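A short write-up of the structure that comes next.
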Amino acid sequence: MSCDSLGVSENQMTERVEIIGYDVEAVEEWIKDNTEGLEPPFDWVQLEGGHSNLTYALTDLKGNRAVVRRPPMGELLPKAHDMGREFSIISGLGPTAVPVPIAYGYCESPEVTGAHFYVMSQVDGKALFELEDALEYLSEDARANVGISFMDVLASLHSVDPDDVGLGDLGKKEDYVGRQIRTWYRSWEASAEGASYDDPDLHELHGFLESRRPEQGPARVVHGDYGLHNCLISKEGFLTAVLDWEISTLGDPMADFAYALNTWAEPGDELVNKENAPTLADGFSNRSELIERYATKTGCDLTNLPYYISFNHFKTACIIHGVYARYMQGQKSAEGVDLDYYRTRIGDSIELSRRAAAELS
């Protein structure tokens, strides 16, 4: 799960390519009539990476910059690629301490270019996907700032009352973790035969997570995929924007926090989901320092943190299991895909979930 790269990098302004999915003249006219500070015509440069949402950087003749974003071409699932949802979230969070792009305008009519789209500001910074990104982009001193900023921004997000910023109807507020457990366990059971893979430990974990579920506190906006791959980082190591709010909803902030910790690999991990994770570079904070920072900024009781870490690994196992099943059943082309890697990732996630659960048992 990752995002389209919406920041500016040194090699971003590449040769202009075919503009896919946009009626350029109609979109530019809509932007002229419905936003402020942008004057077409624009130079269009496609931004690569992540999901298939069609995302372009726009620069007008005066050097003003923006980003336009629409769903991919073709038929979509009903709730997939909801640009209006993303736009409402960055609009609501704009006045808060959470760094997000400026929301310029949302076009809900498909008559302009065949799909709904929105326009936001372009933010300087770089998302970190691989170890090489951290080594090439950040000095060791700058890397030391990243973890602090990463946690401070998450703490700011979880301090926002969604009702105060017009996001109180973003989703159901109650039983976030319980609903997630039930959803992903059903996914596991539905995929087990097609995957030719079942594991008694997964079923035991399901029972444990159901029986030990903590009482949820006040609902907050949860990002759902908060990691350095969905953040823009300055050269000094500070977050300049959080991106890709497509799956965000209301829920338990502790689940969001634990997910962020699970994405943060550190040297010495026995089971690393990503062997070339950016946080393996020298200078990054370790997870203990992240936990301390979040606790200090939020004042949250972290007694049940192992539960939420276990829950997130359980969820990861179920998600990968479903993908693996589709490959095994021929629903997705497996050409060039390392199926053994997927199978190993499922087992690793179950083992990580089991270890975290053992801390509470």
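A count restricted to region 50-70 and to residues that are closer than 16 Å to Val123 by Cα and of a type outside the set (Asp, Glu) stands at 12.
Pairs are defined by a Cβ separation below 9 Å, a sequence spacing of at least 6 or placement on different chains, a first member in region 166-192 that is not assigned by TED's automatic domain parsing to the domain that holds Arg212, and a second member that is in a helix (DSSP H, G or I) and at pLDDT below 95; no pair meets this definition. Number of residues in region 169-194 that are crowded, with 16+ Cβ neighbours inside 10 Å, of a type in the set (Gly, Ala, Ser) and within 26 Å of the chain's Cα centre (by Cα) equals 3.
Checked against the criterion of being out of contact with any Cys (no Cβ under 6 Å at 6 or more places or on another chain) and over 30 Å from Ser211 (Cβ atoms), the candidates Tyr324, Tyr341 yield just one match: Tyr341. Listed by first and then second residue, the pairs with beta-carbon distance under 7 Å, at least 6 apart or on different chains, first residue in region 117-130 and within 25 Å of Val27 (Cβ to Cβ), second in a loop (DSSP other than H, G, I, E, B) and of a type in the set (A, V, I, L, M), are Met120/Ile102; Ser121/Ile102; Gln122/Leu6; Val123/Leu6.
When region 78-119 is filtered for residues that are of a type in the set (Val, Ile, Thr), in contact with a strand residue (DSSP E or B) (Cβ under 7 Å, 6 or more places away or on another chain) and surrounded by fewer than 20 Cβ atoms within 10 Å (Cβ to Cβ), only Ile102 remains.
Let's see how each residue does on (1) in contact with a helix residue (DSSP H, G or I) (Cβ under 6 Å, 6 or more places away or on another chain); (2) more than 28 Å from Asp169 (Cβ to Cβ):
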residue	(1), (2)
Val45	no, yes
Thr55	no, no
Gly84	no, no
Pro95	no, no
His116	yes, no
Asp133	yes, yes
Leu138	no, yes
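Taken as a whole, the structure leaves Thr316 outside the set of residues that are of a type in the set (Val, Ile, Thr), under 30 Å from Ala195 (Cα atoms), in contact with a Leu (Cβ under 7 Å, 6 or more places away or on another chain) and crowded, with 18+ Cβ neighbours inside 10 Å. The residue of region 250-282 that is surrounded by the most Cβ atoms within 10 Å (Cβ to Cβ), among those that are acidic (Asp, Glu) and in contact (Cβ under 8 Å) with a residue 60 or more places away in the chain, is Asp252.
The values are calculated or read from the model by the stated rules, or taken from the named source; none is laboratory data. Nothing here was measured: the structure is a model prediction, and the numbers come from that model. Cβ sites come from the backbone with ideal geometry, for glycine too, and all protein chains shown count toward neighbours.
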